1. In the stretch 2-13, is there at least one residue being modelled with pLDDT of 90 or more and β-branched (Val, Ile, Thr)?
2. Given Val12, Val61, Val24, which one is closer than 27 Å to Glu79 by Cβ, assigned to a helix (DSSP H, G or I) and hydrophobic (A, V, I, L, M, F, W, C)?
3. Within the stretch 32-87, take every residue that is closer than 29 Å to Glu18 by Cα and among the acidic types (Asp, Glu) and give me the one that is modelled with the highest pLDDT.
Amino acid sequence: MNTTNVITEEMVKNRFNEIVIDEVSERVTQMIEDLSTNEFLEKVMDRYYDVYGKVEVDDEVVKDIIGQKVFPLFQKISEYNLENLLK
């Protein structure tokens, strides 16, 4: 019996879709990790100093501000990814 694997256009599209979703998930994960580092905190503080001048500020204050802005973004990205994965 000759069993030939037939790969349809739909199968190819589905495979590409899986790969794209994996790549996007990896990039989002990497972005989350990058924005959670002390290096990002230092970059934000350095930029502030460059624009406004050096001031004495507690790192925790800046971390809180970062968290208030960044984590809702991650939540929205995650919700978007889940909604699209379920389609």
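1. Yes.
2. Val24
3. So, considering only residues that are closer than 29 Å to Glu18 by Cα and among the acidic types (Asp, Glu), the one modelled with the highest pLDDT is Asp34.
The values are calculated or read from the model by the stated rules, or taken from the named source; none is laboratory data. Please read these numbers as outputs of a predicted model, since none were measured by experiment. Reconstructed Cβ throughout: ideal geometry from the backbone, glycine too, with neighbour counts over all protein chains shown.
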